[in-house]
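Asker: I have a structure here, written as structure tokens, and I will follow up with some questions on it.
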Amino acid sequence: MRFRKNQDSQRAQVIPSRMVVIRKEICILVLPRSVLACILVVRSCVTLSVSVVVRNPTPRCLRVRVRSRAFIFRWLFALAAPFSANLAAWAAASTSTFSHASTPAAEVTGISFFVLTITGLIFVGVSALLVYALVRYRGRPGDLTEPAQVFGSVQIELSWTIIPVLIIVVLFLTTAQVLFRVQDAPKPATALDVIVVGHQFWWEFRYPQYNIVTANELHVPVSDSAVDRPTFMKLSSADVIHSFWVPQLAGKTDLLPNRVNEMWIDPRTPGLYVGQCAQFCGAEHGKMLLRVYVDTREQFQQWIANQQKMQPEIVAQESSKLASPNPGNAGDVVHAATNAGTPDSNGGNRDPSLSSYENSQEISPHVGQYVFEHQACISCHTVAGTVATGRYGPDLTHMMSRATIASGAAPNTKEQLLAWVTDPNQIKPGSLMPAMHLTDRQNAQITAYLLTLK
């Protein structure tokens, strides 16, 4: 009987040790290094804490680790190393707030580093005191006495009350100074005005100074030492709350229905800066992306000149009676085109030269424009210079001048555009653009027409 009990006790001791080994292997395979370092440091601190408060002599298995100061600092370094590497990677990323390219973003970065410095000093000070207390007052072999108990100290209580209050006051005043400096910045006469309207799930950009409208890709001029030309934006929403955020250019600014918020940027370096909607706005919030192109003065003027051009009425080349061109939706008043010459259900006002387009099997821009203008496409989209005057969806006048479609969800290629026209949900599930359930031939014809909108 005694021999069986000894076997049971040995088996009970062996099984937990095997389980510990298995847990370690799983952690090493699954968990990242930073998490493993956190676990090991916490484990070491718990071990040290146990040795301080224990009344009995420290066990031999714990005594070796407690006495090793190098062990503690080695694991602290292992904990800090992965975070340092991650911080460097974040700073190099294109959406990092630490690589600012505009004055508002630089202000945000400055206050962020200031707060991180203060909180980092607090963390280092508290951690150092904790490690010192754990090492200095650890339990030693043969020490069975209870440490001296201190009940209340006016000096200590005043210090841990006054110092935090002073820290909070300094952080508050510094943050308020930055906020007022950014929000109350004077607007120079050379500033570019842009109206930003948030939709589910795309962006509308209006340039009232140039009477043009575009979508999802914002073009602004560089603001260098030679010519200081910041971009001042007025932001509003057509439906729900959105948030305009390009981390390298400025902080977040909400777009609210029936309210106009303002922000400004002055990019110092030409290039592409990416962002996204930072406020949950519906099913496709995650794919409401944002691209800001900072152009040189020459590039910006060329882009403006191209955007001010109207698209020709391709079908009107054969029938001038089809419609009168419209100037687009850049102004506040939509200019409705006349319907003279468009085919109606009874055949009235039908131009004979257009009858060949109805059942044409040809995949060409001419036929594609005819199909586009005789479907519900023109009820939502505008193509300046044609009968398309819709205001619900993005302006398509120069859609092929954009690098992406569906608010950055897919590259603007022929294949992706055809897939988008066929069924938008296969690229952007939950999109408010419906599938028109057209034939494959009609989808290809519309795509051929859209490819000409440069």
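Asker: Once you have a ≥ b ≥ c as the square roots of the Cα gyration tensor eigenvalues for the stretch 103-170, tell me rounded if a/c is under 1.5, and otherwise prolate or oblate according to whether a/b is larger than b/c.
Answerer: Judged from the Cα gyration tensor, the stretch 103-170 comes out oblate (a/c at least 1.5, b/c at or above a/b).
Asker: Could you work out how far apart the two model spin labels at Arg297 and Ile163 are, taking each label as a point 7 Å from the Cα in the direction of the beta carbon, and quote it in nm?
Answerer: The two pseudo-label positions are separated by 5.4 nm.
Asker: I would also like to ask the following. Could you give the distance between the Cα centres of the stretch 266-306 and the stretch 200-217, to the whole Å?
Answerer: 11
Asker: What FRET efficiency comes out for Asp423 versus Leu272 if R0 is 35 angstrom and r is the Cβ-Cβ distance? Round to the nearest 0.05.
Answerer: Between Asp423 and Leu272 the formula returns 0.75.
Asker: Could you pull out every residue, at least 5 positions away or on a different chain, whose amide H is within less than 5 Å of the one on Ala215? Hs are placed 1.01 Å off N in the peptide plane, and Pro or chain starts have none.
Answerer: Those lying under 5 Å, H to H, from Ala215 are Phe205.
Asker: What per residue convex hull volume, in Å³, comes out for the stretch 366-429 when only alpha-carbon positions are used?
Answerer: Taking the convex hull of the Cα positions in the stretch 366-429, it is 95 Å³ per residue.
Asker: With 26 Å as the limit, write out which pairs from Lys252/Lys309; Lys187/Lys252; Lys309/Lys414; Lys252/Lys428; Lys287/Lys309; Lys234/Lys414 have Cα-Cα distances beyond it, or answer none.
Answerer: Over 26 Å Cα-Cα: Lys252/Lys309; Lys287/Lys309; Lys234/Lys414.
Asker: What is the distance, in nm, between label points placed 7 Å from the Cα along the Cα-to-Cβ direction at Ser364 and at Phe172?
Answerer: Placing both labels 7 Å along Cα→Cβ, they lie 7.4 nm apart.
Asker: Translational D (Stokes-Einstein, µm²/s) of the stretch 192-307 at 10 °C and 1.306 mPa s when Rh comes from the Kirkwood sum over C-alpha pairs?
Answerer: Value of D from the Cα-based Kirkwood radius: 111 µm²/s.
Asker: Sticking with this structure for a sec: If the stretch 109-252 were replaced by its equivalent ellipsoid, with semi-axes equal to the square roots of 5 times the Cα gyration tensor eigenvalues, what would those be, largest first, whole Å?
Answerer: With the √(5λ) rule applied to the stretch 109-252, the semi-axes are 55, 18, 15 Å.
Asker: Using each residue's phi in the stretch 102-111, evaluate 6.51 cos²θ - 1.76 cosθ + 1.60 at θ = phi - 60° and report the 3J(HN,Hα) Karplus result to the nearest Hz, with x for Gly and Pro.
Answerer: 8, 4, x, 5, 5, 5, 5, 5, x, 5
The numbers here are math on the coordinates, done by the rules we state, and not lab data. Quick caveat: nothing in here was measured; it's all calculated off a predicted structure. For neighbour counting, all protein chains shown are included, and Cβ atoms are generated from backbone atoms with ideal geometry for every residue, glycine included.
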